[in-house]
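The next block holds one structure in the form of structure tokens; read it before the comments.
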Amino acid sequence: MNIIRTVTVLPRIPKAIGRLNEFAYNLWWSWETPAQDLYATIDAELWESVNHNPVKFLHRVRQAALDAAAADAGYRERYAAVLAAFDAYMHPDAPTWYKDAYPNGGDNIIAYFSAEFGLHEALPIYSGGLGVLSGDHCKSASDLGLPFIGIGFLYPQGYFTQRIDDNGVQQAEYEKIAFAEVPATPALDPQGNEVLISVDLPGRTVYAKVWRIQVGRIPIYLMDTDVERNAPPDRDLSARLYGGDREMRISQEFVLGIGGARAVRALGYEPSVWHMNEGHSAFLGLERIREYMQSERLALTEAIEAVRANTLFTTHTPVPAGNDAFDFALVEKFFWQFWTQLGITRDEFIAFARQQLPWGPQYSMTVLALRLSGYANGVSKLHGTVSRAMWSFLYPGTPLPEVPIGHITNGVHTKTWLQPELRTLYAQWFAPDWGDKGFDQPERWTVDKLPAAALWEAHSIRKQKMVQNARKRARIQALRHGEGPRFVADIASALNPDALTLGFARRFATYKRATLIFRDVERIRRILNNPERPVQLVFSGKAHPADEPGKSFIQHIYEMSMEPDFFGKILFVEDYDMNVARHLVSGVDVWLNNPRRPLEASGTSGEKAGVNGIPNFSALDGWWEEGFDGENGWAIGEARAYKDEATQDEADALSLYATLEEVIIPLFFDRDADGIPQGWIERMRRSIASIGPRYSMDRQVKDYVNCYYAVAAANGARARSNNYAAARELAAWKQQVASRWAGVTIEAMTDGPAQVSVGEPVTVESRVNLNGLSPESVAVEAVYSGAGNGDEDGALHVQQLIASAGAGDVRTYTGQIEAIDSGRFDLGVRIRPQHEVMLHPFETGLCTWAA
């Protein structure tokens, strides 16, 4: 046949179920199981084959199947119930936590910038934890009713599809996403026009179309450079997540930050808060400075203060090499026109974000983000400590606990990750409204009421589903490799549903040490081949296509899984995505995580497992360092430093094996007369109770609102008021302080006893030279610490000293402190700038200590 054209025929959705298409374009369905079931029950096989994408499903479903569903009274009843729930959720007057907590905050738009958003496997525009965290953050922002928008990229080729070849080598495949078959629509400006923004890259202008993804109540706006007005190389600029060379990377981050800020304006938003999730979007601060200077006629220093007043930066990476930085020549190539618009020189522009790295000086996106943000945080308590140490060079003279980087520990979106069997069980035995106002209220998680038999049954169902899913994928892989019928049959029956199953799934970055459990091969061989107490391992995860060591870890695990003693007991599930993750975090018995402490910023996969009742077995790093309570799982190794990596690996591996052999395996196989492991069930209950509410994304988002968003919105409004009077005043004051600080001195007057009794006051005196600064511009403080004051983790106590004598520049400051217990008492005295408008007492980076 001579084909002259192809016509796509779409099914007609019957009127009785006509809103199925509307549901498909709001990702509310992605965390509401009854909504997903509306599609799955029409054609379960098709639903699986389209990777649970309702838009694609409705393009391909048979007309007869739709008609049958519309004629089914039971289906129409379920459809009506989902419709009612959706309409109640989306109603403008629906009660939400944010409305109750901040009744006057509805206009304070929060603009959240992220390089990736992991919302659902139907939208493969995420690589791992950062993207899934961003997606979960948006979902909870919707649930809690925040005035919130997301800004990022809609990568036409997404992240790669992982294929493991017959040698165990990861192969990366890319397939262009058909935008007509994903829940994305063109974004419109207030006049109803499609939004197209532009940025100037070296030698040309690049355009990006803006798409809209609706996530419950909130929109996420994603840019795409694959438009006709761009030259072919620029059409591929946003093609792949984390693809290309350094020039491609800086191009993407230029578009994300500067283009993203312009997209926000084109869409008609005036955010009260700007949140940079990791440093990829840090250039947005430069664009906002340029806007202030041109539209508001602010000086550079004034514009910086206006930007800082309502900007939050969240860092996720405790590994120096993981923080994006660029050669100065590359930065100059992209910004040679930009710094003239800021009224500064090339050297001044470069110096603003300069960082000295082991391989030379670089333009650091993290330094830029920190300098342009009034607020900054890490993503766990330990990560906050690590981050303050990493970036302390920006705040010389500031003790580490006072470096202006806080922490909010990551959480997970409960409805996305809590699987249906467990959700049904919790709804039956917990408080009736246990999740109505957020899942972060511990008193509503009445875990002790969960019957052991019911919890074990729900877990067994999830485990069976995990095994079936893993076997199905293994069979498809074997067929692709051209294996014979016997091998295909054997691999399709891999994994024993009755064996103790450990799961390890995450990005295959080397610091996560995926192969640590194989450090002593003979020992793990004995563990996995005990016929009385069988144990098995399930792995999944992607290595970055350029990460050869990470890919070698995958190959090593695959090769081990093919050995006769390990075949069927070790399985690597290829193409890790959110669908695979849901099966694993709810279907294994133990969640294994052994990063090299302290390189795991937070990690959230263990939180997803914990809420499903899966105990964690993890190194004391990231969130687990604060989440482990001795009863909700097990620790690998100790919370301490080692002289080198080999020593740490040896110590952690020995701890892993000993705990597995002596504690975990015996507890799992200790069954009562009904075959239920009562001791194990207690661990599962404790996991649910301790992790479910505390590590809910609802708690995380509320923390961001209470600690940062509300404060940033208020300070941003203050900075803008009276023609930016506060920003202008603070900028002028900082310039004056900086110009005089070199001449500011402080001298401790050390007369006094070397020993005192508990409760006896210690008098502290110091003499300062203000070098022309007003007394109101400084704070003179006694700083002390010591075991005798009940300190933990190097905590500091600060007491302001009061001017007691002198006039003009030379003054004496005095105060008294009291030792509350016996022990060593370390004392120092310092002077630092002080101003009522400063967002953090150490943001100037100026602090002088008495010698």
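The values are calculated or read from the model by the stated rules, or taken from the named source; none is laboratory data. Nothing here was measured: the structure is a model prediction, and the numbers come from that model. With ideal geometry, Cβ positions are generated from the backbone for all residues, glycine too; neighbour counts draw on all protein chains shown. Surface areas here come from the heavy atoms of the whole protein model, side chains and all, with no ligands, DNA or RNA. Shrake-Rupley method; radii C 1.70, N 1.55, O 1.52, S 1.80 Å.
What is the Cα coordinate range of the stretch 479-567 on the first, second and third principal axes, sorted by size from largest, in whole angstrom?
Between the extreme Cα coordinates on each principal axis of the stretch 479-567 lie 39, 33, 21 Å.
Place a point 7 Å from Cα of Thr446 in the direction of its Cβ. Which residues in the stretch 602-619 have their backbone N less than 20 Å from it?
Zone members listed by number: 613.
Probe of 1.4 angstrom, ligands and nucleic acids ignored: what's the accessible area per residue over the chain, in square angstrom?
Here the per-residue accessible area is 40 Å².
Over the C-alpha atoms of the stretch 194-343, what are the Rg and the largest Cα-to-Cα span, Dmax, in Å?
Every Cα atom of the stretch 194-343 included, Rg and Dmax give 15.5, 44 Å.
Using Cα positions and a limit of under 23 Å, work out the lysines in reach of Lys176, with same-chain residues fewer than 8 apart set aside.
Of all the lysines, those that pass the test against Lys176 - Cα under 23 Å, at least 8 places apart if same chain - are Lys56, Lys209, Lys542.
Angle, helix 381-390 long axis vs. longest principal axis of the chain, Cα atoms, 0 to 90°, nearest 10?
Between the helix axis and the principal axis of the chain, the angle is about 50 degrees.
Residue by residue, what Karplus-based ³J(HN,Hα) values in Hz, rounded to whole numbers, does the stretch 132-141 have, using 6.51, -1.76 and 1.60 with θ = phi - 60° and x for Gly and Pro?
Residue by residue, the stretch 132-141 yields 5, 4, 4, x, 5, 4, 5, 5, 5, 4 Hz.
If you stretched the chain out fully between Ala651 and Ala351, how much longer would it get, using 0.36 nm times the residue separation minus the C-alpha to C-alpha distance?
Once the chain is fully extended between Ala651 and Ala351, it gains 103.7 nm.
Label-point separation (nm) for Glu175 and Asn529, each offset 7 Å from Cα along Cα-to-Cβ?
3.9
At a threshold of 8 angstrom on Cα-Cα distance, excluding pairs fewer than six apart, so keeping six or more, what relative contact order does the chain reach in percent?
Computed value for the chain: 11 percent relative contact order.
Set the Förster radius R0 to 60 Å, insert the Cβ-Cβ distance between Arg229 and His481 as r into 1/(1 + (r/R0)^6), and round the FRET efficiency to 0.05.
Efficiency, from the Cβ-Cβ distance: 0.85.
Computed FRET efficiency, Cβ-Cβ of Glu559 and Thr205, R0 51 Å: what is it to the nearest 0.05?
E between Glu559 and Thr205, to the nearest 0.05, is 0.55.
DSSP loop GluC sites (Glu not before Pro) in the stretch 253-351 with at most 11 other Cβ atoms within 10 Å of their Cβ, which ones?
none
So if I place +1 on the C-beta of Lys and Arg and -1 on the C-beta of Asp and Glu, and nothing else carries charge, what would the dipole magnitude of the stretch 555-643 be about its Cα centre? I want it in debye, nearest 20.
Taking the Cα centre of the stretch 555-643 as origin, the dipole is about 160 debye.
Charges at C-beta only: +1 for Lys and Arg, -1 for Asp and Glu. How large is the resulting dipole of the chain about its Cα centre, in Debye rounded to 20?
Roughly 1800 debye, rounded to the nearest 20.
Local charge sum around Asn530 (other residues, Cβ-Cβ under 14 Å, Lys/Arg +1, Asp/Glu -1)?
-1
So what are the ³J(HN,Hα) numbers for the stretch 710-718, from phi and the Karplus equation (6.51, -1.76, 1.60; θ = phi - 60°), rounded to whole Hz, Gly and Pro as x?
Rounded to whole hertz, the list is 5, 5, 5, 4, 5, 5, x, 5, 5.
Pairs Lys139/Lys702; Lys472/Lys551; Lys472/Lys569; Lys139/Lys437; Lys139/Lys415: which are spaced more than 18 Å apart, C-alpha to C-alpha?
From the list (Lys139/Lys702; Lys472/Lys551; Lys472/Lys569; Lys139/Lys437; Lys139/Lys415), the Cα-Cα distance tops 18 Å for Lys472/Lys551.
Tell me which of Pro598, Met749, Val61 sits at the most positive position along the dipole axis of the chain, charges placed on C-beta atoms (Lys, Arg +1; Asp, Glu -1).
Val61
Show me the three semi-axes of the equivalent ellipsoid for the chain, from the C-alpha gyration tensor (sqrt of 5 times each eigenvalue), largest first, rounded to whole Å.
Listed largest to smallest, the semi-axes of the chain are 47, 35, 26 Å.
For Ala40 and Tyr642, what is the calculated FRET efficiency with R₀ set at 45 Å and r taken between the beta-carbons, to the nearest 0.05?
Working from the Cβ atoms, E equals 0.35.
Which order do peptides 745-752, 511-518 fall in by mean Cβ count within 10 Å, highest first?
511-518, 745-752
Along the charge dipole of the chain, pointing to its positive end and built from +1/-1 on Cβ of Lys, Arg, Asp and Glu, which listed residue (Ser281, Gly622, Val50) has its Cα farthest out?
Checking the options against the dipole of the chain, the answer is Val50.
Give me the net charge of Val663's neighbourhood, meaning all other residues with Cβ under 15 Å from the Cβ of Val663; Lys, Arg count +1, Asp, Glu -1.
Within the 15 Å Cβ shell, the charges total -3.
Set Lys and Arg Cβ to +1 and Asp and Glu Cβ to -1, take the dipole of the stretch 633-736 about its Cα centre, and tell me which of Tyr708, Ala689, Val663 lies farthest positive.
Among Tyr708, Ala689, Val663, the one farthest towards the positive end of the dipole of the stretch 633-736 is Tyr708.
In nm, what is the difference between 0.36 nm times the number of residues separating Tyr89 and Ile3 and their Cα-Cα distance?
26.2 nm
Show me the chymotrypsin sites (Phe, Trp or Tyr not before Pro) within the stretch 340-409 that DSSP assigns to loop and that have at most 10 other Cβ atoms within 10 Å of their Cβ.
Qualifying residues, ordered by number: Trp359.
Express in nm, to one decimal, how much length is gained between Ala489 and Gln678 on full extension, taking 0.36 nm for each residue of separation and deducting their alpha carbon distance.
Computed gain between Ala489 and Gln678 is 64.5 nm.
For the stretch 486-492, take each phi angle, set θ = phi - 60°, evaluate the Karplus expression 6.51 cos²θ - 1.76 cosθ + 1.60, and give the result in whole Hz per residue in order, putting x for glycine and proline.
Along the stretch 486-492, the couplings run 5, 4, 4, 5, 5, 5, 6 Hz.
How far, in degrees from 0 to 90, does helix 578-587 lean away from the longest principal axis of the Cα atoms of the chain, to the nearest 10?
It is inclined by approximately 80 degrees.
Would you work out if the stretch 583-669 is rounded, prolate or oblate? Take a ≥ b ≥ c from the square roots of the eigenvalues of the alpha-carbon gyration tensor; rounded if a/c is under 1.5, else prolate when a/b is larger than b/c, oblate otherwise.
It comes out oblate by the Cα gyration axes.
Suppose only helical runs count, i.e. DSSP H with n ≥ 4. What mean residue ellipticity at 222 nm does that imply for the chain under -39500 (n - 2.57) per run, divided by all residues and rounded to the nearest 500 deg cm²/dmol?
-11000 deg cm²/dmol
Tell me, what % of the accessible area of the chain is carbon and sulfur with a 1.4 angstrom probe?
Carbon with sulfur: 50 percent of the solvent-accessible area.
Long-range amide H contacts for His407: which residues qualify at under 5 Å (H placed 1.01 Å from N, peptide plane, sequence gap of 5 or more or a different chain)?
Result for His407 returns Gly378.
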